[in-house]
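Enquirer: Mind looking over this structure? Questions follow.
The values are calculated or read from the model by the stated rules, or taken from the named source; none is laboratory data. Worth saying up front: this structure is predicted, and the values here are computed from it rather than measured. Every residue, glycine among them, receives a Cβ derived from its backbone with ideal geometry; neighbour counts consider all protein chains shown. We work out accessible area using only protein heavy atoms, side chains counted, and drop any ligands, DNA or RNA first. Shrake-Rupley method; radii C 1.70, N 1.55, O 1.52, S 1.80 Å.
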Amino acid sequence: MANMRFPQDIFYGIKDQRIIEVINSIPREDFLPESLRDYAYADTALPIGSGQTISQPSLVAYMTQLLELTGRERVLEIGTGSGYQTAILAGLVQEVYTVEIIPELHEEARQALDKMGIDNVRYKLGSGYEGWEEYAPFDGIMVTAAPPEIPQKLVEQLGDKGRMVVPVGDRNQTQILKLIVKSGDTIIEEDKSFVRFVPMVE
Ligand code: SAH
């Protein structure tokens with residue numbers, strides 16, 4: 001495959017080739033502080049400033065796959081951070097709505113994606129616990145900070161057959177990555193793996 005930035009083995013278990021292609025098309029170094037750019041293609045989380053981190057690429061791939069995206073979706077992302085995951089989602093769906101609570105990160109992410117010519121993203125500065133009512137319902141919701149419990153407003157903003165991925169658990173402890181699938185009035189919740197994300201602040 002042309003233009004492989006990452007070694008193929010980090011995509012173990014990823015069956016959706018589009019995800020692998022899109023991740024390999026995005027320069028991860030552009031989302032990192034200068035001093036950490038040498039580590040851009042290591043499969044590890046890295047600090048991005050303001051006490052936050054950019055997720056591990058293999059986990060980004062895995063969480064993205066759980067949303068089962070086909071290209072037509074409108075997806076809500078909570079925790080814009082560096083904008084790295086946002087850029088990947090933008091390459092896979094119709095429109096991304098992303099919410100960040102730290103003004104500097106919100107602004108820097110927007111600038112980074114603008115510079116890359118990514119124009120199917122809407123950015124909001126605010127609390128992810130509120131979701132983004134104006135544009136609900138969403139076909140998918142990806143939460144990249146860990147709330148202590150599943151945020152009910154987000155579940156409400158999920159459309160029929162919508163899928164949500166969220167790491168749930170206490171601050172500074174191992175969290176459980178949960179998949180929530182809405183089907184009519186039924187909400188199915190599945191535990192997928194253990195993860196460690198920064199807390200989703202109140
Ligand atoms: N997906 C990001 C990583 C995000 S780290 C990336 O690819 O770089 C988690 C982010 O969630 C941080 O930027 C943090 O500021 C943000 N965050 C934490 N609590 C939040 C909240 N209540 N609402 C919105 N964003 C929040």
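Enquirer: Residue 162's amide H: which non-local residues (gap 5+, or another chain) put their own amide H closer than 5 Å, with H modeled 1.01 Å from N in plane and none for Pro or chain starts?
Expert: Hits under the 5 Å cutoff: 182.
Enquirer: Another question, then. Work out the FRET efficiency for residue 129 and residue 183 from their Cβ-Cβ distance, taking R0 = 22 Å, and round it to the nearest 0.05.
Expert: Using R0 = 22 Å, I get an efficiency of 0.40.
Enquirer: Run the reach check for residue 178 against lysines, Cα to Cα strictly under 28 Å, same-chain hits fewer than 8 apart removed. What comes back?
Expert: 15, 124, 153, 161, 192
Enquirer: I've got another one for you. Put a dot 7 Å past each Cα toward the Cβ at residue 5 and residue 149; how far apart are the dots in nm?
Expert: Those two pseudo-labels are separated by 3.9 nm.
Enquirer: Taking amide H positions as placed in the peptide plane 1.01 Å from N, state which residues far from residue 56 in sequence (5 or more) or on other chains have amide H under 5 Å from it.
Expert: Sorted by chain and number, the residues that satisfy this are 45.
Enquirer: Oh, and also: Share of antiparallel DSSP beta bridges in the range 1-145, in percent to the nearest 5?
Expert: Taking every DSSP beta bridge within the range 1-145, about 20 percent pair in antiparallel fashion.
Enquirer: Once you place label points 7 Å from the Cα toward the Cβ at residue 35 and residue 174, how far apart are they in nm?
Expert: 3.1 nm
Enquirer: Further question: For the chain, what is the accessible area per residue in Å² when the probe is 1.4 Å?
Expert: 49 Å²
Enquirer: Now for a different question. Residue-wise, which Karplus ³J(HN,Hα) couplings in Hz belong to the range 38-51, taking 6.51 cos²θ - 1.76 cosθ + 1.60, θ = phi - 60°, and x for glycine or proline?
Expert: My calculation for the range 38-51 gives 5, 9, 3, 9, 8, 7, 8, 6, 9, x, 10, x, 6, x Hz in order.
Enquirer: Still on this structure: As I understand it, the value is the acute angle between the Cα axis of helix 57-66 and the longest principal axis of the Cα atoms of the chain; what does it come to in degrees, rounded to 10?
Expert: Helix 57-66 sits at roughly 30 degrees to that axis.
Enquirer: Still on this structure, please answer the following. Roll a 1.4 angstrom probe over the protein heavy atoms and tell me the percent of accessible area of the chain that is carbon or sulfur.
Expert: Carbon and sulfur: 47 percent of the exposed surface of the chain.
Enquirer: Any chance you could give the angle, 0 to 90 degrees and rounded to 10, that helix 103-115 forms with the longest Cα principal axis of the chain?
Expert: That helix lies at roughly 60 degrees to the long axis.
Enquirer: Apply the a/c threshold of 1.5 to the C-alpha gyration tensor of the chain and tell me whether it is rounded, prolate or oblate.
Expert: Rounded, because the longest to shortest axis ratio a/c is under 1.5.
Enquirer: Right, here's the next one. Could you let me know the centre-to-centre spacing of the range 158-200 and the range 39-112, using Cα atoms, in angstrom?
Expert: For the range 158-200 versus the range 39-112, the Cα centre distance is 16 Å.
Enquirer: Output ³J(HN,Hα) for the range 90-98: one whole-Hz value per residue in order, computed from phi by the Karplus curve 6.51 cos²θ - 1.76 cosθ + 1.60 with θ = phi - 60°, and x for Gly and Pro.
Expert: Listing the rounded values in order: 4, x, 10, 10, 6, 8, 10, 10, 10 Hz.
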